[in-house]
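In what follows, a structure is listed as structure tokens, so that the remarks can point back to it.
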Amino acid sequence: MSKFEPSDAWMFLSVAYSAKDVLATLDDFYAAADHINCAIPTNAEIEGGINRLATAGLVQVQDDHFILTDAGRKIFESVSCQTPYPRMQPQLVLEHLRNGRFADTAHPHWELSPETSDAAFGRYSKRMRDALRKIRG
């Protein structure tokens with residue numbers, strides 16, 4: 001049985017698309033998650049997924065910022081070569097997660113507080129509202 005949840009693929013891709021080569025903020029993470037799945041993940045999905053991915057050595061967490069590790073980037077590059085479309089990639093990532101052999105990496109358990117989540121989601125929402133206003137003229 002896999003130690004990963006299906007939503008972990010979504011969390012992985014949200015880090016991949018929001019981080020690029022720099023640490024991603026939580027509001028950038030929300031933007032990527034919304035783009036990939038047309039939905040906002042729950043705090044439990046984010047916290048659980050990030051911790052499972054960090055334990056597998058695929059994601060690095062610093063405070064409330066994320067980035068892929070070298071191992072995570074290899075998976076993302078492989079998936080991106082199979083399809084460039086973010087909405088088609090979660091299933092491919094999930095296959096990598098379920099079929100891969102990952103050594104448990106020690107990392108401090110990361111917790112997403114409701115206050116941090118609400119603040120980041122508020123920044124993301126404001127950014128999207130501002131973008132929609134510009135589009136509408």
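Only one of these conditions is not met by residue 107: (1) surrounded by 13 or more Cβ atoms within 10 Å (Cβ to Cβ); (2) touching a Leu at 6+ places or on another chain (Cβ under 7 Å); (3) at pLDDT below 95; (4) not acidic (Asp, Glu). Which number is it?
Just one mismatch for residue 107, condition (2).
Filter segment 1-51 down to residues that are under 19 Å from residue 94 (Cα atoms) and aromatic (Phe, Trp, Tyr) and give me whichever is surrounded by the most Cβ atoms within 10 Å (Cβ to Cβ). Break it down into steps so the answer makes sense when it comes.
Taking segment 1-51 and keeping what is under 19 Å from residue 94 (Cα atoms), we get 1-18, 29, 32-42, 44-51.
Restricting the remaining residues to those that are aromatic (Phe, Trp, Tyr) gives 4, 10, 12, 17, 29.
Numbers: 4: 23, 10: 23, 12: 30, 17: 19, 29: 24.
Among those residues, the one meeting the criterion is 12.
Could you run through segment 6-23 and say how many residues are in a loop (DSSP other than H, G, I, E, B) and closer than 14 Å to residue 80 by Cα?
Initial filter on segment 6-23 (in a loop (DSSP other than H, G, I, E, B)): 6, 20-23.
Pick out the ones that are also closer than 14 Å to residue 80 by Cα and you get 20.
So the answer is 1.
Kindly check whether there is at least one residue in segment 51-68 that is part of a loop (DSSP other than H, G, I, E, B), under 11 Å from the mean Cα position of the chain (by Cα) and within 25 Å of residue 125 (Cα to Cα).
no
Only one of 4, 12 is within 9 Å of the chain's Cα centre (by Cα) and of a type in the set (Phe, Trp, Tyr); which? Spell out how you get there, then give the answer.
Working: 4 fails: within 9 Å of the chain's Cα centre (by Cα).
Exactly one of 4, 12 is within 9 Å of the chain's Cα centre (by Cα) and of a type in the set (Phe, Trp, Tyr), namely 12.
Of the numbered conditions (1) loosely packed, with under 13 Cβ neighbours inside 10 Å; (2) within 23 Å of residue 48 (Cβ to Cβ), residue 86 fails exactly one; give the number of that condition.
(1)
Could you tell me whether any residue of segment 69-78 is farther than 14 Å from residue 4 by Cα, over 12 Å from the mean Cα position of the chain (by Cα), modelled with pLDDT of 95 or more and part of a loop (DSSP other than H, G, I, E, B)?
The answer is yes; a qualifying residue exists.
The values are calculated or read from the model by the stated rules, or taken from the named source; none is laboratory data. Since we're looking at a predicted model, the values are computed, not measured. For neighbour counting, all protein chains shown are included, and Cβ atoms are generated from backbone atoms with ideal geometry for every residue, glycine included.
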